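A.B. asks: Take a look at this one; I'll ask things after.
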Amino acid sequence: MALYSEKVMDHFRSPRNVGVIENADGVGEVGNAKCGDIMKIYLKIEDDTIKDVKFETFGCGSAIASSSMATELIKGKPVSEALALTNKAVAEALDGLPPIKMHCSVLAEEAIKAALKDYYDRNGIPYDAADFPAEPSCAHCETGE
């Protein structure tokens, strides 16, 4: 069995939604330079819908593929659906990630949530703090995995 699925390789070789959105409605950055995976997500939101989403990722192929897939999964969706996106859904949409690379899908989920929180904060929109991690994690950095 190959280490990476064809979908992971496709999103790594031809990532979707790469770039920056000037005057984005929400921006989220997560990661850790120590481990080398840093993701930044930009959102353009109109009428409670993700009209556009872009990303910049510094990291391994799994990090790039996870960012690309996550942006594809939320583009055109209501904000509530984007907020509900899980790292497991990202990994499943990629036809799986090796266990040692699952942290990449976690970072993608956290980057989207950080961008949504930024959007809520900028616009004074109330939200349930339980929907957002207090501090985005980069667990593999602490465990050395």
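A.B. asks: Scan region 80-95 for residues that are out of contact with any Lys or Arg (no Cβ under 9 Å at 6 or more places or on another chain) and more than 16 Å from residue 64 (Cβ to Cβ) and report the count.
C.D. replies: Matching residues across region 80-95 total 7.
A.B. asks: Please indicate, with yes or no, whether at least one residue in region 79-99 is assigned to a loop (DSSP other than H, G, I, E, B), touching a Leu at 6+ places or on another chain (Cβ under 8 Å) and of a type outside the set (Asp, Glu).
C.D. replies: Yes, region 79-99 has at least one match.
A.B. asks: For region 99-131, enumerate the residues that are closer than 30 Å to residue 3 by Cα and loosely packed, with under 13 Cβ neighbours inside 10 Å.
C.D. replies: Result: 99, 100.
A.B. asks: Among the residues of region 28-53, which ones are assigned to a strand (DSSP E or B) and under 28 Å from residue 98 (Cα atoms)?
C.D. replies: 28, 29, 30, 31, 32, 37, 38, 39, 40, 41, 42, 53 - these are the residues of region 28-53 that are assigned to a strand (DSSP E or B) and under 28 Å from residue 98 (Cα atoms).
A.B. asks: Sticking with this one: Could you tell me whether residue 56 is modelled with pLDDT under 95, outside any helix (DSSP H, G or I) and within 24 Å of residue 11 (Cα to Cα)? Walk me through it before giving the result.
C.D. replies: Working: modelled with pLDDT under 95: no; outside any helix (DSSP H, G or I): yes; within 24 Å of residue 11 (Cα to Cα): yes.
So residue 56 does not fit the description; no.
A.B. asks: Which of the residues belonging to region 17-53 are modelled with pLDDT of 95 or more, among the polar types (S, T, N, Q) and over 19 Å from residue 122 (Cβ atoms)?
C.D. replies: Listed by number, the list holds a single entry, 17.
A.B. asks: I need the full set of residues from region 1-54 which are surrounded by fewer than 18 Cβ atoms within 10 Å (Cβ to Cβ), hydroxyl-bearing (Ser, Thr, Tyr) and under 20 Å from residue 83 (Cα atoms), in order please.
C.D. replies: 49
A.B. asks: Among the residues in region 49-56, are any over 15 Å from the mean Cα position of the chain (by Cα) and among the aromatic types (Phe, Trp, Tyr)?
C.D. replies: no
The values are calculated or read from the model by the stated rules, or taken from the named source; none is laboratory data. Being a predicted model, the structure only gives us computed values, none of them experimental. We place every Cβ from the backbone using ideal geometry, glycine too, and count neighbours over all the protein chains shown.
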